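Accompanying notes for the structure given below.
The values are calculated or read from the model by the stated rules, or taken from the named source; none is laboratory data. Just so we're clear, the structure is a prediction, and the values are computed from it rather than from any experiment. Quick reminder, even Gly has a Cβ in these numbers, built from the backbone with ideal geometry, and neighbours come from all protein chains shown.
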Amino acid sequence: MISFTVNDHAVSVDAPGARRLLDVLREELGMTGTKEGCGEGECGACSVLIDGEVVNSCLVSVGQVEGCRVLTVEGLERNGKLAPLQHTFLERGAAQCGICTPGMLLSAHALLQRNPTPTYEEAQTAIAGNLCRCTGYTKIIEAILACPTRPS
Amino acid sequence: MPYPTFLKPRSLSEALDLLATTADCRPLAGGTDLMVLLHSRQIRPAALLDIWSLGELKGIREVDGAIEIGAAEPYTGIIESDLVQRHLPALAEVSRTIGAAQIQNRGTLGGNLGTASPAGDTLPVMLAADATIVTSRRSISASEYFVGYRKTALRSDELLVRVRFPRDGRAIRFRKIGTRQAQAISKVVMAVCLEPARVAIGSVAEVPLRAPSAEAALDRGDVDGAVDAVVDDIRPIDDVRSTAAYRRRVTQNVLRRLLQP
């Protein structure tokens, strides 16, 4: 058994240590908010945070997260309410087809935790590993910069 | 799909024991290359040895006039390190060009050395810096480490432990040419130093290499000669990322640019 936390809940999974964290999240834990895009670490759709750092969950084997804190898009809301960052994404039109959105939110969340008042360029750099084919990125960056409060 | 056995040693010595006693065992650190190969079944090792969390492979220290970087220290740690920014700014610069945050949080110098892709972006910087690769058994000069296409001097029971960069104040200039600014694999990647003369280039041959004719010209202070000669030092090919002709041209242009005062 491999034990870690997902969104502050303790989980133990009976999975081969070499299995991708992405597949364990989606198929064993039923948490399909994390998307698979390229499966090669190029697109960032499967981004999650491990101990506060953004990673591609397609490139992490689940045995490597033993004892770690994993945050997925499902963990951003608080008490059934969307986080401020998710609100600004909605208001500013930062989500279109939605495939990149969970990963974008997590990259942006990691940035805002570290730096609550990023510059435009810092926001650009923070999402450089997340590809979006709909928005052209401008509205996503505007949403990040408009996020009113530091995420908890 | 059958998964490799997952081994999680708690120390470097335990890792070395497992590596020596387990058949067909591949070390796994940040996984940015290996996990892609595993998932696509391009490699099917019997076992994975998870060395990502081993303390002996982490950290950045100043030791006896050198900067030593743990083989499993991620690029993010290198980028944020005061020691690296002060003494090896080219290494911080190159680390910022590798993937984006997701890759920089997991990718490592040990991974770049273990994969030994000719396009590994930190490798020309190691060559230009006369870095030493410290393994669990010995020290190998960077210029003797790459022996063929993705082939290294490393033995199967040996682990990369750290990379030692001499702290000799040499100024290394770096340039990477890819399709985009971020998230691009290099078409040509170059690190250059004037004193001592070093011209190290990636993605232009089966290995990352130093350019001996260009370096000899630089030793004579002959910049034009170095730019002329560098094409004789490289063996570029046509592939999915670029053409041999483009790489020759860009190698000369980038070298000329980097040699400008």
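Before we move on, is B:E68 surrounded by 14 or more Cβ atoms within 10 Å (Cβ to Cβ) and over 20 Å from the mean Cα position of the chain (by Cα)? No: the conditions fail for B:E68. Restricting the search to helices (runs of 4 or more DSSP H) fully inside the stretch B:206-261 and requiring at least 3 residues that are surrounded by 14 or more Cβ atoms within 10 Å (Cβ to Cβ) and touching a residue at least 60 places away in the same chain (Cβ under 8 Å) gives B:244-259.
Among the residues here, B:T152 does not qualify as under 14 Å from the mean Cα position of the chain (by Cα) and more than 23 Å from B:R235 (Cβ to Cβ).
Return the residues of the stretch B:181-195 that are part of a loop (DSSP other than H, G, I, E, B) and within 20 Å of the chain's Cα centre (by Cα); say none if nothing qualifies. Those that are part of a loop (DSSP other than H, G, I, E, B) and within 20 Å of the chain's Cα centre (by Cα): B:Q181, B:A182, B:Q183, B:A184, B:I185, B:S186, B:K187. In the stretch A:32-50, the condition of being free of Cβ contacts under 8 Å to residues at least 24 places away in the same chain, more than 14 Å from chain B (Cβ to nearest Cβ) and buried (at least 20 other Cβ atoms within 10 Å of the Cβ) is met by no residue.
Candidates in the stretch A:1-45 are the residues that are part of a loop (DSSP other than H, G, I, E, B) and of a type in the set (K, R); of these, the one that is nearest to A:L112 (Cα to Cα) is A:K35.
For the stretch A:109-130, the condition holds for at least one residue, the condition being that it is more than 13 Å from the chain's Cα centre (by Cα), modelled with pLDDT of 95 or more and among the hydrophobic types (A, V, I, L, M, F, W, C). When the stretch B:1-32 is filtered for residues that are of a type outside the set (A, V, I, L, M, F, W, C), within 23 Å of A:N56 (Cβ to Cβ) and surrounded by fewer than 21 Cβ atoms within 10 Å (Cβ to Cβ), the ones remaining, listed by number, are B:Y3, B:K8, B:R26. Against the test of being assigned to a helix (DSSP H, G or I) and in contact with a Lys or Arg (Cβ under 8 Å, 6 or more places away or on another chain), the options A:A143, A:A108 yield a single qualifying residue, A:A143. Can you say whether A:L85 is touching a helix residue (DSSP H, G or I) at 6+ places or on another chain (Cβ under 8 Å), away from every other protein chain (no Cβ under 14 Å) and crowded, with 22+ Cβ neighbours inside 10 Å, as far as the supplied structure shows? Yes; evaluated as a whole, the condition is true for this residue.
Restricting attention to the stretch B:97-121, the residues that are out of contact with any Gly (no Cβ under 9 Å at 6 or more places or on another chain) and of a type in the set (V, I, T) add up to 1.
Looking only at residues in the stretch A:88-110 that are crowded, with 19+ Cβ neighbours inside 10 Å and among the polar types (S, T, N, Q), the one that is farthest from A:L29 (Cα to Cα) is A:T88. Restricting B:V199, B:V147, B:V94, B:V125 to residues that are out of contact with any His (no Cβ under 6 Å at 6 or more places or on another chain), crowded, with 24+ Cβ neighbours inside 10 Å, part of a strand (DSSP E or B) and in contact (Cβ under 8 Å) with a residue 40 or more places away in the chain narrows the list to B:V199.
Only one of the listed residues (A:I140, A:I144) is more than 12 Å from every other protein chain (Cβ to nearest Cβ), farther than 18 Å from A:E77 by Cα, buried (at least 24 other Cβ atoms within 10 Å of the Cβ) and out of contact with any strand residue (DSSP E or B) (no Cβ under 6 Å at 6 or more places or on another chain). That residue is A:I140. Filtered by the rule that a residue be within 22 Å of the chain's Cα centre (by Cα) and not polar (S, T, N, Q), the stretch B:245-258 gives B:R247, B:R248, B:V250, B:V254, B:L255, B:L258. Read through the list (1) closer than 20 Å to B:P196 by Cβ; (2) within 14 Å of chain A (Cβ to nearest Cβ); (3) hydroxyl-bearing (S, T, Y), then give the number of the only condition that B:T115 fails. So the condition that B:T115 fails would be (1). Going through B:G111, B:G169 one at a time, which residue ends up being surrounded by 19 or more Cβ atoms within 10 Å (Cβ to Cβ) and either in a loop (DSSP other than H, G, I, E, B) or not polar (S, T, N, Q) (or both)? Result: B:G111 is the single residue among B:G111, B:G169 that is surrounded by 19 or more Cβ atoms within 10 Å (Cβ to Cβ) and either in a loop (DSSP other than H, G, I, E, B) or not polar (S, T, N, Q) (or both).
Assess whether B:R162 counts as being over 16 Å from B:A128 (Cα atoms), part of a strand (DSSP E or B) and at pLDDT 95 or above. Yes; evaluated as a whole, the condition is true for this residue. Under the condition of being within 12 Å of another protein chain (Cβ to nearest Cβ) and in a helix (DSSP H, G or I), the residues counted in the stretch B:1-58 number 6.
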